[in-house]
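Notes for the one structure printed next.
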Amino acid sequence: MAEVPKPEEELVQDADFPKPEDEGLQDSSSTDKEFPPPMAQSEINERIKELAIKHGVNHRKLMWKIDICVVPLACLLYVLAFLDRVNVSNANVYGMSEDLGMTGMKFNTALAIFFVPYVLAEIPSNWLMKKFKPHIWLTATMTLFGCVLLGQGFVRTYGQLLATRFLLGLFEAGMFPGCFYLLSMWYRREEAQKRYSFFFSSTTLAGAFGGLIAAGIHNLDYHRGIRSWQWIFIIEGACTATIGILMIFCLADFPEEARFLKQNERDFIREKLEIGSTSGSEYDRKMSMRDMAFVFSDWKVWMSGLMYFGYIVPAYGYAYFGTAIVKGLGYSPVMTQLYSVPPWVAGFGFSMVSATFSDYFRHRFAFSFFAGIVGIAGFGLLMGQTEHIGIRYGSLFMICAGTYTAMPILVCWTQMNFSGHHRKAIASGWQIGFGNTAGFISTFIFDAKEAPIYRTALDVCLAFSAFSTVLLIVYLIAIWFDNRYKKTEQYREKFRSWPKEKQELAGELHPSIFYSY
């Protein structure tokens, strides 16, 4: 991935934000040295050039080095995690429900039980990752859920499937928020979107690979007395566990302790991320319950979780039941697996194009909003056309592309509007953890009795997509007003009244730091 020539970690004003004089809010306090005006992007670029000279590093080459060592491995972790949780839908096409005697809503329950430990363990997982270091925590959990999936290939009863799905959710809980938190500590805001989208959109690649792998495994049916749906779990689980063991030697840690960087490069990255910051990196400071309470007192934390919640319903709905919708178009099991691949590929392409332009313009709202509209339109087409196979299949491209593009931009936007190790760790864990509770809705709205149309499920998915798309507008308006409020003496007096410790952990709440749009 090409390095973005304009530098994330802390929030500073750039071209996305109107200057105080543009807002008609300029007053004598705006020049107060206590709260210096936000740095212009040109000034940030100059500071970065000076730091590069000071530490003797080539900024462009260093960013390429980080992109190669950090992003691809994080993507690989999440591809395998997502593949291992949703491959149950591919397995079901090959007769898993019939072999395990799953009738009624039993299959839905097997999907839903995954989310019980998955949701509960996500927030503490980021705290544990910071304690044990990413290369240990993430690879250990990856190896464990790979072993669980391998064991899932040998289940013989419905109860055994429930047990393995529960353990899978427990060990996968820290993967997404952990990788996302790790990435957020490597890049400045204006560098982040393409990297985030590449990471997030790896889920679409997982969906595509899952279909291709399942199609190839069909010929193994009854090989050594094992069904093809079992081979899906065995092969993918064994690969995941093996890669997890190997990754402990190459996965990156936080910049402060990255093993693949020289000391001068670590110093450069740390100082670069602190440009425009109001405090240090907080890396060595222990997180307390008071810190958590302070973060949760911020409305942005709750809003970010709600927006993600709304998009998770259609996202997991498609991930778990997209193959069932394709099968309902009249295809054989093998062709169903193959036809499930193109919508995922289209989703990846659309997401990366949107991310590239979002980074270029340094703007998030419009791209996330447009993608949300595309997803809503896709659900509308799928609901409106119950007979035309071509239109129904085409609508899946819109659903996958829209939903899986809106989500990464939304998460990047909201998470980059937090700053500091503690606020990012808690906010990202909460957003992903709370958002994933929507998985319970996704798994139960698709009733086999309504196949292949699934009218109720599609109604719910469309409604939640619209819910999050509307909240995007609310969030935009709210942070616009917050940016105006930060320029007033009233807000500065409020900030001065806070205890020193609270001021040091304020992050993006500091009067000199503004939210991006």
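Kindly indicate whether Ile409 is under 30 Å from Lys133 (Cα atoms), under 17 Å from the mean Cα position of the chain (by Cα), at pLDDT 90 or above and in a helix (DSSP H, G or I). Taking the combined requirement at face value, the residue satisfies it. Applying the selection to region 162-175, what residues are assigned to a helix (DSSP H, G or I) and either under 12 Å from Pro134 (Cα atoms) or of a type in the set (Ser, Thr, Tyr) (or both)? Thr164, Met175, listed by residue number. Against the test of being surrounded by fewer than 21 Cβ atoms within 10 Å (Cβ to Cβ), out of contact with any His (no Cβ under 6 Å at 6 or more places or on another chain) and modelled with pLDDT under 90, the options Trp498, Trp480, Trp430 yield a single qualifying residue, Trp498.
When restricted to residues that are part of a loop (DSSP other than H, G, I, E, B) and crowded, with 17+ Cβ neighbours inside 10 Å, region 102-111 contains 1.
Which residues, taken from region 140-187, are buried (at least 24 other Cβ atoms within 10 Å of the Cβ) and basic (Lys, Arg)? Listed by number, the list holds a single entry, Arg165. Per this entry, Leu410 is counted among residues that are crowded, with 18+ Cβ neighbours inside 10 Å, more than 18 Å from Phe446 (Cα to Cα) and in contact with a Gly (Cβ under 9 Å, 6 or more places away or on another chain).
Considering the conditions (1) at pLDDT 90 or above; (2) buried (at least 22 other Cβ atoms within 10 Å of the Cβ), Asn126 is excluded by exactly one of them, (1). When region 112-123 is filtered for residues that are over 21 Å from Gly317 (Cβ atoms) and assigned to a loop (DSSP other than H, G, I, E, B), only Ala121 remains. Selection within region 493-517: residues that are in a loop (DSSP other than H, G, I, E, B) and among the aliphatic types (A, V, I, L, M). The member of this set that is nearest to Asn417 (Cα to Cα) is Ile513. Filtering Ile399, Ile373 for residues that are within 30 Å of Glu191 (Cα to Cα) and surrounded by 24 or more Cβ atoms within 10 Å (Cβ to Cβ) leaves a single hit, Ile399. The helices (runs of 4 or more DSSP H) found entirely in region 224-331 that carry 3 or more residues being modelled with pLDDT of 95 or more are 228-247, 299-327.
For region 124-160, residues that are among the hydrophobic types (A, V, I, L, M, F, W, C), in a helix (DSSP H, G or I) and closer than 14 Å to Ile234 by Cβ total 4.
Using the structure shown, decide if Ala355 is small (Gly, Ala, Ser), buried (at least 24 other Cβ atoms within 10 Å of the Cβ) and within 17 Å of Ser516 (Cβ to Cβ). When the stated conditions are applied, Ala355 passes them.
Pairing residues of region 460-481 that are more than 16 Å from Gly375 (Cα to Cα) with residues that are of a type in the set (Phe, Trp, Tyr) and assigned to a helix (DSSP H, G or I), at Cβ distances under 6 Å and at least 6 apart in sequence or on separate chains, gives Leu476/Phe365. Taken over region 420-473, the criterion of being charged (D, E, K, R) and part of a helix (DSSP H, G or I) is satisfied by Arg423, Lys424, Lys449, Glu450, Arg455, Asp459.
Taking the conditions (1) out of contact with any Cys (no Cβ under 6 Å at 6 or more places or on another chain); (2) among the hydrophobic types (A, V, I, L, M, F, W, C); (3) closer than 27 Å to Thr141 by Cα in turn, Ala252 satisfies each one other than (1). Does Tyr360 satisfy being part of a helix (DSSP H, G or I), out of contact with any strand residue (DSSP E or B) (no Cβ under 8 Å at 6 or more places or on another chain) and not β-branched (Val, Ile, Thr)? Yes: the conditions hold for Tyr360.
The values are calculated or read from the model by the stated rules, or taken from the named source; none is laboratory data. All figures in this text were calculated on a predicted structure; none of them were measured in a lab. Note: ideal-geometry Cβ built from the backbone for every residue, glycine included; neighbour counts use all protein chains shown.
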